[in-house]
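Here the structure is laid out as structure tokens; the discussion comes afterwards.
The numbers here are math on the coordinates, done by the rules we state, and not lab data. Values in this document were obtained by computation on a predicted structure and should not be read as measured data. Glycine gets a Cβ as well: all are built from the backbone with ideal geometry, and neighbour counts include every protein chain shown.
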Amino acid sequence: MAATNTKVLRMIDLASDVKTRPSAAMRLAMANAEVGDEQAFEDPTVNALCERVAALLGKEAVLFAPSGAMCNQMAIATWCRPGDEVLCERTAHIAVYEAGGPAANAGVMMHAIDGERGRFTAAQLQASFRAKWRHCPQPSLVCVEQTANLGGGSVWPLDQLNAVATLAHERGLRTHMDGARLLNASAATGISARDYAAQFDSVWIDFSKGLGAPIGACLAGSREFIDRAWVVKQRLGGAMRQAGIIAAAALYALDHHVERLVDDHVNAQRLAEGLAVLPGIILDAATVETNIVFFHLDVERLGFDAAEFSRRLMADGVRIGPFDDRTLRAVTHLDVSAADIDAALAATRRVLA
Ligand SMILES: *Cc1c(COP(=O)(O)O)cnc(C)c1O
């Protein structure tokens with residue numbers, strides 16, 4: 001009965017692009033994967049994935065990890081010493097969503113830059129540098145997020161990324177790109193992931209977001225960097241065994257779910273344009289660049305807040321998560337169709353009526 005229920009009561013889940021479930025074809029690829037001992041480099045499927053991602057990102061070496069957060073943590077712990085500063089935008093995932101990992105795992109301080117929609121400029125980076133004086137903590141790493149999640153899925157322009165990386169390198173700092181949704185940026189602009197990542201010493205992509213795999217991320221960089229990051233991976237308990245089972249899902253995703261990311265962007269635009277015209281919703285659809293749609297409620301006018309809006313929508317079969325009293329975030333992904341977007345808009349109109 002439970003199995004049929006999930007079919008009948010199918011929810012349109014716009015809470016996040018992590019809500020995708022592995023398809024039957026992806027599960028088949030997983031079931032048929034050749035496997036071995038990952039941490040002995042004996043898993044042929046993991047090895048194939050790492051080679052594939054190294055070519056995709058234009059880097060010498062790659063390691064496979066259980067999560068994107070672990071990729072960020074490995075990079076920070078590899079590039080930094082305790083007491084160093086890590087420079088990032090104020091809303092960066094590493095600063096707000098990784099449970100204080102940079103402090104706990106690497107002993108670093110986060111120095112947040114007030115950017116614009118999750119991005120900062122080289123001038124803002126320059127302004128963040130403290131005096132080179134022994135009283136002041138000194139940065140060793142600059143992190144960017146492409147696309148910027150809390151920036152509303154905004155895409156860093158290539159020249160802005162390169163200007164930031166150039167300045168960082170002139171100053172002797174390392175550069176790291178959180179590329180959880182890097183392939184979304186490429187889908188939106190046509191600029192390759194390799195070009196976006198070229199000036200970054202480390203970069204990773206996530207398979208469990210819009211690519212639709214159940215688990216996994218790949219961290220890339222120089223051979224020397226990856227060898228050192230492997231030590232941190234071991235330390236964090238991220239060394240695996242027959243991980244080909246999950247690497248097969250990632251390979252399947254690279255084969256079948258990259259080109260279709262543009263569909264998610266079209267759907268996000270459709271959702272944004274539909275929401276923007278509704279009374280009580282505050283949204284400029286022109287700010288939606290990829291698969292993330294942040295919008296605000298005119299709470300005074302509506303008489304209910306974002307949490308209540310979300311509850312009412314959920315009762316109507318649509319999940320969109322509240323961010324604060326008046327803000328919500330909707331994310332499109334491969335389990336959401338254009339027809340689902342129209343159904344979600346219809347449900348939203350009922351909730352607002
Ligand atoms: C989801 C996300 C992460 C963490 O990835 P997990 O695979 O969930 O650990 C890091 N950065 C950004 C921008 C993300 O959206």
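Listed values, structure above:
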| item | result |
| --- | --- |
| The stretch 40-66 and the stretch 209-281: distance between their alpha carbon centers, rounded to Å | 14 Å |
| Bridge type composition, the stretch 173-313 - antiparallel percent by DSSP, nearest 5 | 65 percent |
| Among beta bridges that DSSP assigns inside the stretch 137-243, antiparallel share in %, nearest 5 | 40 percent |
| Packing-based ranking, highest mean first, of 324-331, 194-201, 231-238 given that Cβ atoms within 10 Å are counted | 194-201, 324-331, 231-238 |
| DSSP-defined antiparallel bridges as percent of all bridges, the chain, nearest 5 | 55 percent |
| Residue among W230, L313, C136 farthest towards the positive dipole end of the chain, charges placed on Cβ | C136 |
| Total charge dipole magnitude, the stretch 33-256, about the Cα centre, Cβ charges on Lys, Arg, Asp, Glu only, Debye to nearest 20 | 620 debye |
| Normalised contact order of the stretch 74-223, rounded percent, pairs of Cα under 8 Å and 6 or more residues apart | 19 percent |
| Label zone at A338, where the point sits 7 Å out along the Cα-to-Cβ direction: the stretch 242-276 residues whose backbone N lies under 16 Å | 260-274 |
| Rounded if a/c under 1.5, otherwise prolate or oblate - the stretch 158-228, Cα gyration tensor axes | oblate |
| Computed [θ] at 222 nm, deg cm²/dmol, the chain (DSSP H ≥ 4; -39,500 (n - 2.57); rounded to nearest 500) | -12500 deg cm²/dmol |
| The chain - percent relative contact order, Cα under 8 Å, separation 6 or more | 24 percent |
| Tail fraction, Cα-Cα pairs, the chain, threshold 29 Å, whole percent | 42 percent |
| Cα lying deepest toward the dipole's positive end in the stretch 1-156, options Q73, N149, C50, charges on Cβ | N149 |
| Taking N as its residue count, the alpha carbon Rg of the stretch 91-240 over 2.2 N^0.38 Å | 1.04 |
| Lone cysteines, the chain (no partner Cβ under 4.7 Å) | C50, C71, C80, C136, C218 |
| Packing-based ranking, highest mean first, of 100-110, 207-217, 54-64, 127-137 given that Cβ atoms within 10 Å are counted | 207-217, 54-64, 100-110, 127-137 |
| Residues S337, S67 arranged by fewest to most Cβ contacts within 10 Å | S337, S67 |
| Mean Cβ count within 10 Å, highest first, over the residues of peptides 74-85, 268-279 | 74-85, 268-279 |
